[in-house]
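Contents: one structure, followed by commentary.
Derivation of every value follows stated rules applied to the coordinates shown; laboratory data play no part. Every value quoted in this text rests on a predicted model; they were computed, and no experiment measured them. As a convention, Cβ positions derive from the backbone with ideal geometry for all residues, glycine included, and neighbour counts pool all protein chains shown.
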Amino acid sequence: MIKVLEVSSDSNIGGAGKCIITFLKYFDRSKFDAAIVLPRNSLLKPEAEALGVKVYELDNLAEKSLDFKAVKSLKKLFRELKPDIVHTHASMSARIAAKQCGIKVVYTRHSVFEPAAKISKGIGKLINGAVNNAMADRIIAVAEAAKDNLTATGVSDKKIDVILNGVEALTAFDAEKREQARSSFGIKSDETAVAIVARLTEVKGQKYFVKCAKILSERGYKVKFLIAGTGDTEQELRAKIKSEGLEDTVIMTGFLTDVVPLMNAMDIQGNCSFGTEATSLSLLQGMSLGKPAVVTEFGGNPGVIKDGQNGFLVPIKDADAMADAIEKLIADKELYNKMSENSKRIYQTNFTAEVNTQRIEDVYLSLE
């Protein structure tokens, strides 16, 4: 039995937290004994406990990669628990503590963003690479773009395993329930629904989604664009929708505690990211229901959406290109149906929770 201790600094449940919970639900309990270390009062705690997973809470861990008080507390905990592997999720404190205790370390890089010059050039790159290479036995990158970020800052590619995220398949609604869901979002029976699910922030590109809605409306298509989420650009987006006269075309749903009705109600999923995007969990959820997607060719998107197979890739910040791609799916029912079937097939092959968990377990086994 391999004893694994997951460590997260997250107080809230974001993409990384969802990935951890998915693993804790599906890991092979005949081979692994898994527990998790969290900041005190993290929202991940009840989720993990509901799965029968032991939770350890520590102070000085929340929302910080490095805190030397946390290092001290973690070292004490690791010496008590004696795990075989510590798997950290953005916690340098845990990596340092584990290494000082002689424990093997797996580190997952959950994000994709342009590396700062101070760690991707010259002496800064050498130092960053040396530190990260020393502080992990294996590094999991959740997208090829995440791996590229790591190697650009001096991390050895020989330490990196690319494991794309996986999710549980969403429940597919029958025709009657789907129409009810569509009606609840104000989608008419003759409208094509396009949705984007992401936090409302500049780099997620929702303003280009609004521009795309304007373009397709002016071309005469009956479309409904839905923006799900909350964030710091919400008021700006609402003002843009109003100034463009798109109140009946673009619907802002706010934060959704349950995305299943929206995922069933939509026909096409969008993703306009241009500053940060790893392996989008919402794209995978949509694929499980056979929803083609039109996404920017940024970050981890090309690892999920194969251009011309289960959707289209378009340049960043290009609303016209996105509108053109969505128009192809609206205008060609045969193409849409083909991409829908491909979406479900690609999901089943590469992105189920079971496939993702097995690949993470293989990394653990490689350290034995």
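Which ³J(HN,Hα) values, rounded to whole Hz and listed in residue order, are derived for the stretch 37-50 from phi using the Karplus coefficients 6.51, -1.76 and 1.60 in 6.51 cos²θ - 1.76 cosθ + 1.60 with θ = phi - 60°, glycine and proline given as x?
Coupling constants for the stretch 37-50: 10, 9, x, 4, 6, 5, 5, 6, 4, x, 5, 5, 5, 5 Hz.
Evaluate Rg over Rh across the stretch 57-204, taking Cα atoms for both radii and Kirkwood's formula for Rh.
Numbers: Rg = 21.1 Å, Rh = 18.5 Å.
Computed over Cα atoms, the ratio is 1.14.
If you average over every viewing direction, what projected area does the convex hull of the Cα atoms of the stretch 218-300 give, in nm²?
Values: hull surface 25.3 nm².
Its average projected convex-hull area is 6.3 nm².
Where the centre of each part is set by its Cα atoms, how far does the stretch 1-62 sit from the stretch 190-250, in angstrom?
36 Å
Using amide H atoms built in the peptide plane, which far-off residues or other-chain residues are under 5 Å from Leu226 H to H?
Amide H to amide H, under 5 Å and 5 or more residues apart or across chains, Leu226 pairs with Val194, Ala195, Ile196, Ile251.
Taking H as built 1.01 Å from N, whose amide H comes closer than 5 Å to the amide H of Ala34, not counting residues under 5 places away?
Val4
Along Cα→Cβ, 7 Å out, is where each label goes; now give me the distance between the ones at Ser65 and Thr349 in nm to one decimal.
Reported label-point gap for Ser65 and Thr349 is 3.5 nm.
For each pair in Lys158/Lys344; Lys204/Lys328; Lys82/Lys147; Lys25/Lys224, compute the distance between the two Cα atoms and list the pairs where it is over 25 Å.
Lys158/Lys344; Lys82/Lys147; Lys25/Lys224
From the C-alpha gyration tensor of the chain, pull out the three semi-axes of the equivalent ellipsoid (sqrt of 5λ each), sorted largest to smallest, in whole Å.
Values: eigenvalues 298, 94, 72 Å².
Equivalent-ellipsoid dimensions as semi-axes: 39, 22, 19 Å.
What span do the alpha-carbon atoms of the stretch 175-350 cover on each of the three principal axes, reported in whole Å from largest to smallest?
Result for the stretch 175-350: principal-axis Cα extents of 42, 37, 33 Å.
Determine the alpha carbon to alpha carbon distance for each of Lys18/Lys338; Lys3/Lys72; Lys125/Lys211 and list only those over 28 Å.
Numbers: Lys18/Lys338 30 Å; Lys3/Lys72 21 Å; Lys125/Lys211 39 Å.
From the list (Lys18/Lys338; Lys3/Lys72; Lys125/Lys211), the Cα-Cα distance tops 28 Å for Lys18/Lys338; Lys125/Lys211.
Quick query: amide H of Phe312 versus all other amide H atoms, modeled in the peptide plane; which residues come in under 5 Å with a sequence gap of 5 or more or a different chain?
Long-range HN contacts for Phe312: Ala293, Val294, Val295.
Anyone know which of Ala325, Ala172, Ala136 comes out most mobile in the 10 Å Cα GNM of the chain?
Between Ala325, Ala172, Ala136, it is Ala172 that shows the largest mean-square fluctuation.
With a point put 7 Å past each Cα toward its Cβ, work out how far Leu367 is from Ile127 in nm, to one decimal.
Taking the simple label geometry, Leu367 and Ile127 are separated by 2.7 nm.
Just grab the label-to-label distance for Ala116 and Glu297, each label 7 Å out from Cα along the Cβ direction, in nm (one decimal).
It works out to 3.0 nm between the two label points.
Neighbouring Cβ atoms within 10 Å as the yardstick, rank Glu368, Glu277, Glu63, Glu327 fewest first. Don't jump to the answer; show the numbers that get you there.
Working: Glu368 8, Glu277 27, Glu63 11, Glu327 18.
Going from sparsest to densest Cβ surroundings: Glu368, Glu63, Glu327, Glu277.
State the percent of C-alpha pairs, over all pairs in the stretch 169-276, separated by a distance greater than 18 angstrom.
Roughly 46 percent, rounded to a whole number.
I need the P(r) histogram for the stretch 1-104: all alpha carbon pairs, bin width 5 Å from 0 out to the longest distance, whole percents.
For the stretch 1-104, the pair-distance distribution reads 2, 14, 27, 26, 20, 9, 1, 0.
Could you state the per residue volume, in Å³, of the convex hull enclosing the Cα atoms of the stretch 98-159?
Numbers: hull volume 4.6 nm³, N = 62.
Hull volume over Cα atoms, normalised by residue count, gives 74 Å³.
Spelling out what I want: for every residue of the stretch 200-213, take phi, set θ = phi - 60°, compute 6.51 cos²θ - 1.76 cosθ + 1.60 (Karplus), and round to whole Hz; glycine and proline get x.
8, 8, 3, 6, 7, x, 4, 5, 6, 5, 5, 4, 4, 4
Restricting to DSSP H runs of at least four residues, report the calculated mean residue ellipticity at 222 nm for the chain, -39500 (n - 2.57) per run over all residues, nearest 500 deg cm²/dmol.
Details: 16 runs with 164 residues, N = 368.
Computed mean residue ellipticity for the chain: -13000 deg cm²/dmol.
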